[in-house]
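Step one of this worksheet: look at the structure below.
The values are calculated or read from the model by the stated rules, or taken from the named source; none is laboratory data. Model, not experiment: these values are computed from the prediction. Side chains included, ligands, DNA and RNA excluded: accessible areas come from the protein's heavy atoms. Shrake-Rupley method; radii C 1.70, N 1.55, O 1.52, S 1.80 Å.
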Amino acid sequence: MIRIFSHYIPGKKLILVGVETLILLISIFLVVDFGFSHADRGIATSAVPSLLQAAVFAFCILTSMAAMGLYEQESSESVRETLLRMGVAFALGVAAMSAVFYLAPSLYVGRGVLAMTIVVALGGSVLTRLAFLKWVTPGVFQARVLVLGTGSRAASVGEVARQKRVRGNIKVVGYLPLQATQHHVERDQILPAEESLLSAAKKYQVNEIVIAVRDRRGGGLPVQQLLECKLMGIKITELSAFFERERCQLHLESLNVSWMVFGEGFRQGFLRETMKRLFDVVSSAALALVTLPVMLITALCIYLEDRSPILYRQERVGQGGRVFTILKFRSMRNDAEVDGKPRWANADDDRTTRVGRVIRKLRIDELPQIFNVLKGDMSFVGPRPERPFFVEQLASKIPYYNARHSIKPGITGWAQVSYAYGASLDDAVEKLQYDLYYVKNHTLFLDLMILIDTIQVVLWGKGAR
């Protein structure tokens, strides 16, 4: 994993993005220089305009590919699905380029040049991905990890290593018990005692040691031996930091207050808030302009099926625990909570109208929240706001739950693109772990990543109810 602007990205993904960026940049120059005469190029012959046009082309295609999930590790499992997504991504990229040409005619690329560039770039990207599938084995980017401890915390490291989104990043070579405790890992994975931790690390060619020991009092942790390993270039990682890096979430069971207080992250400040507010206003205004026809059609459909009200108003908890009124297109019947008792939405909820099922699937019901963002109650990206009734329940049962209220809630968020719809206490815990990661590491870069992933969620209907 490589950390960029406080966000962890797999090294394999970065290499793939870098190679495909070069392919996209080079393809347009190849077509212009070798495929067309100067009269037919439809592109400026000076270096600066050509570079700008190539950069715009690469940005549109890369964004479309990311929105189609082509940089998720799971997408490389099926060649057929990958090729299908690539075709759709390039089509979306061409549509985006057409919009750019309309807004900035000076960037126009001739139709012949664009068509040939698409063919060359698509071919190059396909060959690159086939090469990655054939020659780039998981072991190339795999870290060999030794886990200190054999309890439930240590077992959770193995569970992470086996998960699809992490598989190939790490290989757990074994577990080293430090104290007499109940073992929660497979017996054959428990390593025999060595002379020292350093000798064990050398014997098993370890790159990293993960500390998964709960009780560290009374000399339970070999601090001096860990220092020796670190001085020899072996990475020493706390369990909390391990989960943050590999799962991009803060694991509640491994968290402690001192790690949160003295570690990096959880930074707030005037400049950060100003930049985020500017991003919110610009993004919301642009989205409102683009989706205005969709919102008008949605309002008409809701009225024709179930009359008024068109909008659904509901109290939610925002930054600092302040309650505000959120706006959504009404997707349920007027008598959905006739008894006045709040309830989570379930899969195939019978309270949902026909129009409601469609707009929930496509996330259109969330669009009126644009006005909550413009008003300042919400941010474009942030933890999803919850109802006061549920906040009170969850905060009493889940540690650190109120930490998500340290920043403004959002229309979309890291938990929304990383986890399916939550409708239980366990789901709330899982989503909170992603929310805490965002609260700790939120930057403009992560906001952009979340927006791109949100497009994928909308296109593929992940987690909608």
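Give me D for segment 238-327 in µm² s⁻¹, whole number, from Stokes-Einstein with Rh from the Kirkwood sum over alpha-carbon pairs, 25 °C and 0.890 mPa s. Numbers along the way, then the final one.
Values: Rh = 17.7 Å.
The Stokes-Einstein estimate is 139 µm²/s.
In a Debye calculation with equal point scatterers on the alpha-carbon sites of segment 207-278 and no solvent, what is log10 I(q)/I(0) at q = 0.22 Å⁻¹?
Relative scattering, expressed as log10 I(q)/I(0), comes to -1.09.
Provide the descending list of Cα extents for segment 161-305 along its principal axes, expressed in whole angstroms.
For segment 161-305, the Cα spread along each principal axis is 74, 39, 27 Å.
Please work out how much accessible surface Ile297 shows to a 1.4 Å probe, ignoring ligands, DNA and RNA, in Å² rounded to 10.
110
Tell me which DSSP H helices of the chain clear both cut-offs, 20 Å or more of axial length from alpha-carbon atoms and a mean Kyte-Doolittle hydropathy of at least -0.5.
Values: long enough: 11-30 (28 Å, 1.92); 47-67 (30 Å, 1.80); 79-103 (36 Å, 1.37); 111-135 (35 Å, 1.33); 270-306 (46 Å, 1.13); 425-441 (24 Å, -0.65); 444-460 (24 Å, 1.97).
Those that pass (Cα extent of 20 Å or more, hydropathy at least -0.5) are 11-30, 47-67, 79-103, 111-135, 270-306, 444-460.
Quick one: compute the contact order of the chain, relative version, from alpha carbon pairs under 8 angstrom and 6+ residues apart, as a percent.
On the way: 624 pairs, mean separation 62.2, N = 465.
Computed value for the chain: 13 percent relative contact order.
Please compute the per residue accessible area over the chain with all protein chains in place, 1.4 Å probe, rounded to a whole number of Å².
Working: 23540 Å² over 465 residues.
Accessible surface, normalised per residue, equals 51 Å².
Rg to Rh for the chain: what is it, with Cα atoms only and Rh by Kirkwood?
Details: Rg = 25.4 Å, Rh = 25.1 Å.
Reported Rg/Rh (Cα atoms, Kirkwood Rh): 1.01.
Between their Cα atoms, which of Lys12/Lys276; Lys328/Lys375; Lys13/Lys328 are more than 26 Å away from each other?
Details: Lys12/Lys276 30 Å; Lys328/Lys375 15 Å; Lys13/Lys328 36 Å.
Pairs exceeding 26 Å: Lys12/Lys276; Lys13/Lys328.
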